[in-house]
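The values are calculated or read from the model by the stated rules, or taken from the named source; none is laboratory data. Just so we're clear, the structure is a prediction, and the values are computed from it rather than from any experiment. FYI the Cβ positions are ideal-geometry reconstructions off the backbone, even for glycines, and counts take in every protein chain you see. Protein only, heavy atoms only, side chains kept; ligands, DNA and RNA dropped before computing areas. Shrake-Rupley method; radii C 1.70, N 1.55, O 1.52, S 1.80 Å.
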Amino acid sequence: MNKLFAGIVLIIGVGLLFSCSKKTIVYQADGKMENFSPVYTDYEFMSAKAKVVIEEESGKITRGNLNLRAKKDSVLWFIISPGMGMEAVRGLITKEKIQIQDRIGKENVNLTFKEFESIYGLKLSLEIFQNVLFANPPHKVDYKDRLVRVGKSFELTQVRDKVRYFSKVDVNYRKVSELVSNSLDDRGSLLASYATFQEVDSKPFPLEVLYKLAYQLPEGGQNTIIHVEWTSVDPHSEPLSFPFKF
């Protein structure tokens, strides 16, 4: 189950980028955000590739390649391969559920988000996945939230559906530089650290990201660390296919 869960949470570690260029250019911030106005990503369809490293609590380290296709506010589809053309995990995330096909261990997942939370202790949604991918604040800011300027960051605290989200939004990049999310019952947590950004259409997007997840399994609490480095991204105006079946 640990290996399968690592495949599931990999999709959280997908810092999607939006660019026609294959060449990576590190983003150089040339201005500061005086008022809170973070940069959000807009797209219709996209495909992307990344190198990933998963470190499990047991000490096991897994390295592989990730292929992803996305339709905004609708579908995230991915394949994880350890190399040699071998497909290890295939997944589909929609507004309704998480579906994972483990082609090696044969431990498949077909759960609604509510069922997923009851098992693993992590409250997720397609919206949360997308915002974590793009280094966006997890939710839109409203009067219930706490927002303060501290040095070179805005610090945003939000509580939604019994989960507390704490985000640091860099005033230069206008993106989330660090996110800490904890369920109020302490069953699950997510930490995301966006180390560097690349320039895409003159805007910053995540390039290298580290994620740490704490979650529940029948044998007790577990931790997984995920490193992601994006190698290519392509936007598409025409629809993409999202092939998936158990």
Those residues that are open to solvent by less than 70 Å² (accessible area, probe 1.4 Å), assigned to a strand (DSSP E or B) and either over 26 Å from LYS123 (Cα atoms) or not β-branched (Val, Ile, Thr) (or both), I need them from segment 147-162; list them, please.
LEU147, SER153, PHE154, GLU155, LEU156, GLN158, ARG160
What number of residues within segment 65-91 satisfy the criterion of being open to solvent by 60 Å² or more (accessible area, probe 1.4 Å), out of contact with any Asp or Glu (no Cβ under 9 Å at 6 or more places or on another chain) and not basic (Lys, Arg)?
6
Do we find that TYR165 is of a type outside the set (A, V, I, L, M), crowded, with 18+ Cβ neighbours inside 10 Å and in contact with a Pro (Cβ under 9 Å, 6 or more places away or on another chain) in this structure?
yes
Quick check on segment 225-246. Is at least one of its residues surrounded by fewer than 19 Cβ atoms within 10 Å (Cβ to Cβ), touching a strand residue (DSSP E or B) at 6+ places or on another chain (Cβ under 9 Å), within 21 Å of THR41 (Cβ to Cβ) and among the aliphatic types (A, V, I, L, M)?
yes
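Report, by residue number, each residue of segment 188-203 that is under 20 Å from HIS139 (Cβ atoms) and either open to solvent by less than 10 Å² (accessible area, probe 1.4 Å) or touching a residue at least 24 places away in the same chain (Cβ under 8 Å) (or both). Walk me through how you get there before you give the answer.
Here is the first cut: in segment 188-203, the residues under 20 Å from HIS139 (Cβ atoms) are 188-194.
Scanning segment 188-203 gives GLY188, SER189, LEU190, ALA192, TYR194.
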Considering only residues that are not hydroxyl-bearing (Ser, Thr, Tyr) and not in a strand (DSSP E or B), which ones fall in segment 163-206?
VAL171, ASN172, ARG174, LYS175, LEU184, ASP185, ASP186, ARG187, GLY188, ASP201
Residues LYS106, LYS114, LYS123, LYS60: which one is open to solvent by 60 Å² or more (accessible area, probe 1.4 Å) and at pLDDT 90 or above?
LYS114
Looking at (1) buried (at least 18 other Cβ atoms within 10 Å of the Cβ); (2) modelled with pLDDT under 85, can you tell me which one SER183 breaks?
(2)
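Taking the residues in segment 232-246 that are in contact with a Ser or Thr (Cβ under 8 Å, 6 or more places away or on another chain) and not aliphatic (A, V, I, L, M) as candidates, determine which candidate is farthest from THR62 (Cα to Cα). Step through it out loud before you land on a result.
First pass over segment 232-246, keeping only residues in contact with a Ser or Thr (Cβ under 8 Å, 6 or more places away or on another chain): 233-236, 240.
Right, trim to not aliphatic (A, V, I, L, M) and you get 234-236.
Numbers: ASP234: 26, PRO235: 28, HIS236: 30 Å.
My answer is HIS236.
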